[in-house]
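Asker: So that we are looking at the same thing, I have put the structure below in structure tokens.
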Amino acid sequence: MSHSYTLKVNGQSHTVQVDDPKMPLLYALRNDLHLRGPHFGCGLGQCGACTVHVDGHPVRSCSVSVAKVAGQSITTLEGLGSPEHLHPIQQAFIDEQAAQCGYCINGMIMQTKALLDKNKHPSEQDIRQALALNLCRCGTHVRIIRAVQRAAAALV
Amino acid sequence: MTHEVLNRRVFLKTAGSLMVTFALLPDRVSVAADTPAASKSVATDAVEGFIQIHPDNSVTIYSGKVDLGTGVRTAITQIAAEELDIPLAQVTIVQGDTLTTPDQGLTWGSLSIQVGGMQIRQACATARAALISRAASKFSAPAQAIKTHEGRCWHEGASTSYAELIEAEGLVLKVDPKAPTKAPADYQVVGKSVARLDIPAKVTGQFEYMHDFRLPGMVHARVVRPTGVHAELLSVDDQAARKVPGFVATVREGNFLAVVARTEWGAIQASAAIKPVWSAWQGLPEQNRLWDYVRNTAISKSEDLQNAGDPATVLQQSAKKLRATYDFAIHTHGSLGPSCAVAEWKDGMVTCWTASQQVHLLRKQMAQMMKVPESQVRCIYIAGSGCYGRNGHEDAAADAVLIAKVVNQPVRVQWMRADEHGWDPKGPPFLLDFRGALDDQGHIAAWESQAYIPKRPAQASVTLLAADLALMPHEVAHPGNVHQGLAIPYQVPNLKTTAHYLSHTPFRASWIRAPGRMQNTFGSESFMDELAHAASADPMEFRLRHLIDPRGRECLERVAQLAHWQPRTGKAADSGDVVRGRGVSYIKYELVRTYVAVVADVEVNRRTGKIRVTHFYIAHDCGQIINPDGLKNQLEGNIIQTVSRTLLEEIKFNRSQVTTLDWVSYPILTFPEVPQVTMDLIDRPTEKPWGAGEPAASVVPSAIANGVYDALGVRLRSVPFTPHKVLEAMRTRT
């Protein structure tokens, strides 16, 4: 039996048909809406690569069901900005060249957005704590910290 | 030659419907012409293997080396743009397509710039010389009077584009190894921190990763892994799986089991619902006796890597001697994203889109496995999540090819996290014994090391997991080449370094960043430190005492300066729970290339045993630097990733399988624990460029161990340096 849900993603409403209401949001975003920002990293909520915002709060889209977030306002990396109209956080990540393989960067930027929404002047310690549950395997951390500092300065 | 050129030009203009064959040209490929480059040369000695100049004067570079997240795409674009004298924006790169890119070998061993980039540089230099020669004819001027700039050849104010110069004759010529390359003093693009070409797309969700690739009519598969590494599949009950909406098929070949569904979530649900019965295989060693197991494994061959003087006799007679044994745990690659691939069979030909670092070798292995000629297999690289050696990408590709053949539809396979941690090929266990003797003047009189490491085969590769499980044709492969780093760069009169190649290692072995170099250097550079302390010498000065190579000496001297190194001869004087120390380590990579010297600042909590690495200083000489910021990015990555491996990482297993199947059971370094990294890049523009993807990683574990000794006066000889091991070492005061 197919279920129909309305997902409000990056300001647009989409109707998705899913076989299972428990299907995590990530699969709808990637496979039904063809978004490339959120990534599958672990499917366990442990790495952060799939982070999106739901009603302004960072959520691991691999671990929340489509049914649960239907109707709520979902923002993905694409909703923050595009190559032509970069969000200041995205610009800061480019300016600091803060990526290697870049697979984790979606989560880093979305988590940074959540941090800077709450804390305009984070210390380095605040940044490290805010990103403590976002994993990067390439070892891009020091650049990411610099990018967050740069973004914070740009957003003030 | 004219015939060949004509054929090609006609073909390129009419591409889309032709089947083209070049019977006279063995290095050309013939395929259904659904790509614009379907007939191009892939020869490594042909300019057109690497370069195509298009009518709009843009250039495509065909690179057999691929960007695994390292920035190589940008660096190779810089090299090509520089050597061709063409704006960077006019150059695009095609990477790792067996149909169109030359086989430049695996993307491994820190060789992408050193070997791959230099092949491309030489091809571009050859092309530029040919273009100059043609322009000279056109302008009736001597070649010396022709200048190249912005994709054009210039003579006294008049110019002609490269595209115009190749319109008549194409660019069919052999790479000339003697074609003059540009003088480094004239470089405009090489040596500059050009921004990475891929980052804007990566920070905006526009970048196409392997995981984003889709084909029409594609179905999704998940592989169901055995409960033991070599368990046999006894039976399968897929009744519940069949009830999952969108279920397509169960695929069973030998011990290979997969489920296929119309949707990805359907495939995941079906993989959870299927009920296989596996034999109770328990062939792994007991983890707590792993080092006995390694030591008792049959040696298939021993090789002396260095042999000078008579270390055995000197060691026997010497008054001041040391011995130590080191071990280094089994690691997983831990790529952040799982392995993923898409495969499609069409008209007897299989195409596989893969994040493989070795598409040409993968094609060979796939052809063997599927019993088809290599010419019927095409592998196309699409960047995946970073990999640091041969991880599971190739295995996912083989999974996809096998499943797609059975279900006769395009198939996408993505591994789950447990597949990745449990079934990627592992960095094998390393066991190292050292003996050393000092003379009266505090010099090393004798050095002997023995490493117990996996085999060194003639043709290095890693068995495809699907071929193994499905009992399909494959060579039982071994990665090998992990003896590097055991031979030492120091002057020692009586010296013997020996690799014992073991007949067996517990898990399917692979290369992970600085394979062997890291583990062997952990032993060598820790033991160097032990000898320095035994000689009551400062460990920095002790290394210099035994080092002649001026570039190596400069590297050590510059890191000493960078870190404000003060001679360290005493034990820790700190009081309180947290003590601090610093350690040094050095390598000349494989004794023939990149020099690295590092200093690690560490803190150790004497109560908890927890180590914190606070700061790494690094001096790095890889010759000519192509992109300084790209190099820094790689060095930071080398350091941080290896701090993680050194402090935290170890796969755990029972007698059947790996049990650390997620990031909680196999933790990696997180932001609060990441050290600062301070670098001194030693640029030598007139020297050859050497690799930088690995060398810096290889000195990290030893530098930390040496820093811990400096802080605490205890020697850590077993990676990872867990709090438990630190407390144990303090208790036994080794």
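Asker: When you check residue A:156 against the structure, is it within 16 Å of residue B:674 (Cα to Cα), more than 8 Å from chain B (Cβ to nearest Cβ), without any contact (Cβ under 8 Å) to a residue 60 or more places away in the chain and among the hydrophobic types (A, V, I, L, M, F, W, C), yes or no? Before you say what the answer is, go through the steps one by one.
Answerer: Numbers: within 16 Å of residue B:674 (Cα to Cα): no; more than 8 Å from chain B (Cβ to nearest Cβ): yes; without any contact (Cβ under 8 Å) to a residue 60 or more places away in the chain: yes; among the hydrophobic types (A, V, I, L, M, F, W, C): yes.
Against the criterion (within 16 Å of residue B:674 (Cα to Cα), more than 8 Å from chain B (Cβ to nearest Cβ), without any contact (Cβ under 8 Å) to a residue 60 or more places away in the chain and among the hydrophobic types (A, V, I, L, M, F, W, C)), residue A:156 does not qualify.
Asker: I've got another one for you. Which one of these is outside the structural domain of residue A:129 (by TED's automatic domain parsing), crowded, with 16+ Cβ neighbours inside 10 Å and among the polar types (S, T, N, Q): A:106, A:31? Give the derivation first.
Answerer: On the way: A:106 fails: outside the structural domain of residue A:129 (by TED's automatic domain parsing).
Residue meeting the stated conditions: A:31.
Asker: Identify all residues within the stretch B:474-521 that are outside any loop (DSSP other than H, G, I, E, B), within 17 Å of the chain's Cα centre (by Cα) and among the aliphatic types (A, V, I, L, M); write none if there are none.
Answerer: The answer is B:509, B:518.
Asker: Six or more apart or on different chains, Cβ atoms under 7 Å: show the pairs whose first residue is in the stretch B:60-80 and within 14 Å of another protein chain (Cβ to nearest Cβ) and whose second is among the acidic types (Asp, Glu).
Answerer: Once the first residue is within 14 Å of another protein chain (Cβ to nearest Cβ) and sits in the stretch B:60-80, its partners that are among the acidic types (Asp, Glu) give B:73/B:67; B:73/B:198.
Asker: I need the full set of residues from the stretch B:253-297 which are more than 23 Å from residue B:395 (Cβ to Cβ) and in a helix (DSSP H, G or I), in order please.
Answerer: B:273, B:287, B:288, B:289, B:290, B:291, B:292, B:293, B:294, B:295, B:296
Asker: Which residues, counting only those in the stretch A:110-131, are surrounded by 14 or more Cβ atoms within 10 Å (Cβ to Cβ) and outside any helix (DSSP H, G or I)? Walk me through it before giving the result.
Answerer: Of the stretch A:110-131, the ones surrounded by 14 or more Cβ atoms within 10 Å (Cβ to Cβ) are A:110-116, A:122, A:126-131.
Listed by number, the residues that qualify are A:122, A:131.
Asker: Just checking, which of B:249, B:329, B:258, B:267 is buried (at least 19 other Cβ atoms within 10 Å of the Cβ) and within 14 Å of chain A (Cβ to nearest Cβ)? Write out each step before concluding.
Answerer: Numbers: B:249 fails: within 14 Å of chain A (Cβ to nearest Cβ); B:329 fails: within 14 Å of chain A (Cβ to nearest Cβ); B:258 fails: within 14 Å of chain A (Cβ to nearest Cβ).
Going through B:249, B:329, B:258, B:267 in turn, just one is buried (at least 19 other Cβ atoms within 10 Å of the Cβ) and within 14 Å of chain A (Cβ to nearest Cβ): B:267.
Asker: Follow-up question, since we're still on this one. Answer with yes or no whether residue B:240 is surrounded by 21 or more Cβ atoms within 10 Å (Cβ to Cβ) and not assigned by TED's automatic domain parsing to the domain that holds residue B:654.
Answerer: On the way: surrounded by 21 or more Cβ atoms within 10 Å (Cβ to Cβ): no; not assigned by TED's automatic domain parsing to the domain that holds residue B:654: yes.
Spelling it out, it is not the case that residue B:240 is surrounded by 21 or more Cβ atoms within 10 Å (Cβ to Cβ) and not assigned by TED's automatic domain parsing to the domain that holds residue B:654.
Asker: Let me ask you something else. Of all the residues that make up the stretch A:79-108, how many are free of Cβ contacts under 8 Å to residues at least 60 places away in the same chain and not in a loop (DSSP other than H, G, I, E, B)?
Answerer: Initially, the stretch A:79-108 is screened for residues free of Cβ contacts under 8 Å to residues at least 60 places away in the same chain, giving A:80-87, A:90, A:93-102, A:105.
So of that shortlist, the ones also not in a loop (DSSP other than H, G, I, E, B) come out as A:80, A:90, A:93-95, A:105.
So the count comes out to 6.
Asker: Among the candidates B:441, B:450, B:459, single out the residue that is touching a His at 6+ places or on another chain (Cβ under 8 Å) and surrounded by fewer than 23 Cβ atoms within 10 Å (Cβ to Cβ). Spell out how you get there, then give the answer.
Answerer: Working: B:441 fails: touching a His at 6+ places or on another chain (Cβ under 8 Å); B:459 fails: touching a His at 6+ places or on another chain (Cβ under 8 Å).
Checking each option against the conditions leaves just B:450.
Asker: Scan B:25, B:18, B:99 and give me the residue that is farther than 23 Å from residue B:178 by Cβ, at pLDDT 95 or above and not assigned by TED's automatic domain parsing to the domain that holds residue B:692.
Answerer: Numbers: B:25 fails: at pLDDT 95 or above; B:18 fails: at pLDDT 95 or above.
Only one candidate qualifies: B:99.
Asker: Just one of A:141, A:87 is in contact with a Phe, Trp or Tyr (Cβ under 9 Å, 6 or more places away or on another chain) and either modelled with pLDDT of 95 or more or more than 28 Å from residue A:12 (Cα to Cα) (or both); which is it? Write out each step before concluding.
Answerer: Values: A:87 fails: in contact with a Phe, Trp or Tyr (Cβ under 9 Å, 6 or more places away or on another chain).
Just a single option satisfies the conditions, and that option is A:141.
Asker: Can I ask one more? Quick one: residue A:48 ticks every box in (1) within 22 Å of residue A:13 (Cβ to Cβ); (2) more than 8 Å from every other protein chain (Cβ to nearest Cβ); (3) assigned to a loop (DSSP other than H, G, I, E, B) except a single one, so which number is it?
Answerer: (1)
Asker: On to the next question. For the stretch A:144-153, how many residues are closer than 29 Å to residue B:388 by Cα and either buried (at least 23 other Cβ atoms within 10 Å of the Cβ) or without any contact (Cβ under 8 Å) to a residue 12 or more places away in the chain (or both)?
Answerer: 3
Asker: Still on this structure, I have one more. All but one of (1) among the β-branched types (Val, Ile, Thr); (2) assigned to a strand (DSSP E or B); (3) over 36 Å from the mean Cα position of the chain (by Cα) hold for residue B:250; state the number of the condition that does not hold.
Answerer: It is condition (3) that residue B:250 fails.
Asker: Can you tell me which residue in the stretch B:615-673 is surrounded by the fewest Cβ atoms within 10 Å (Cβ to Cβ), limited to those that are within 14 Å of chain A (Cβ to nearest Cβ), hydrophobic (A, V, I, L, M, F, W, C) and not in a helix (DSSP H, G or I)? Quick ask: steps written out before the conclusion?
Answerer: Our first condition is that a residue be within 14 Å of chain A (Cβ to nearest Cβ); within the stretch B:615-673, this holds for B:615-618, B:627-649, B:660-673.
If we keep only those that are hydrophobic (A, V, I, L, M, F, W, C) too, we end up with B:616, B:618, B:631, B:635, B:639-640, B:643, B:647-648, B:661, B:663-664, B:668-669, B:671.
Then drop every residue that is not not in a helix (DSSP H, G or I), which leaves B:616, B:618, B:648, B:661, B:663-664, B:668-669.
On the way: B:616: 30, B:618: 28, B:648: 18, B:661: 21, B:663: 21, B:664: 10, B:668: 22, B:669: 24.
Of everything passing the filter in the stretch B:615-673, B:664 is surrounded by the fewest Cβ atoms within 10 Å (Cβ to Cβ).
Asker: I'm trying to understand the selection: among the residues of the stretch B:410-454, which are assigned to a strand (DSSP E or B) and within 20 Å of the chain's Cα centre (by Cα)? Before the answer, list the steps.
Answerer: Narrowing the stretch B:410-454 to residues assigned to a strand (DSSP E or B): B:411-414, B:426-427, B:430-438, B:444-454.
Within the stretch B:410-454, B:426, B:427, B:430, B:453, B:454 meet the criteria.
Asker: Could you please find all residues in the stretch A:77-103 being crowded, with 24+ Cβ neighbours inside 10 Å and facing chain B (nearest Cβ under 7 Å)?
Answerer: Answer for the stretch A:77-103, where residues must be crowded, with 24+ Cβ neighbours inside 10 Å and facing chain B (nearest Cβ under 7 Å): A:77, A:90, A:93, A:99, A:100, A:101, A:102, A:103.
Asker: Just to verify a result, which residue in the stretch B:155-207, among those that are closer than 25 Å to residue B:131 by Cα and among the basic types (Lys, Arg), is nearest to the other protein chains (Cβ to nearest Cβ)?
Answerer: It comes out as B:182.
Asker: Please enumerate the residues belonging to the stretch A:105-142 that are under 18 Å from the mean Cα position of the chain (by Cα), closer than 20 Å to residue B:676 by Cα and not β-branched (Val, Ile, Thr).
Answerer: A:108, A:128, A:129, A:130, A:131, A:132, A:133, A:134, A:135, A:136, A:137, A:141
Asker: In addition: Of the residues that make up the stretch A:32-41, is at least one under 18 Å from the mean Cα position of the chain (by Cα) and without any contact (Cβ under 8 Å) to a residue 12 or more places away in the chain?
Answerer: Initially, the stretch A:32-41 is screened for residues under 18 Å from the mean Cα position of the chain (by Cα), giving A:32-41.
This time we only want the ones that are without any contact (Cβ under 8 Å) to a residue 12 or more places away in the chain, so: A:34.
Yes, the stretch A:32-41 contains a residue that is under 18 Å from the mean Cα position of the chain (by Cα) and without any contact (Cβ under 8 Å) to a residue 12 or more places away in the chain.
Asker: Of everything in the stretch A:121-135, what is more than 7 Å from chain B (Cβ to nearest Cβ) and within 21 Å of residue B:663 (Cβ to Cβ)? Give them in sequence order. Spell out how you get there, then give the answer.
Answerer: Here is the first cut: in the stretch A:121-135, the ones more than 7 Å from chain B (Cβ to nearest Cβ) are A:121-127, A:130, A:133-134.
A:127, A:130, A:133, A:134, listed by residue number.
The values are calculated or read from the model by the stated rules, or taken from the named source; none is laboratory data. Note that the coordinates shown come from a computational prediction; the quantities given were computed from them, not determined experimentally. All Cβ positions, glycine included, derive from the backbone under ideal geometry; neighbour counts span all protein chains shown.
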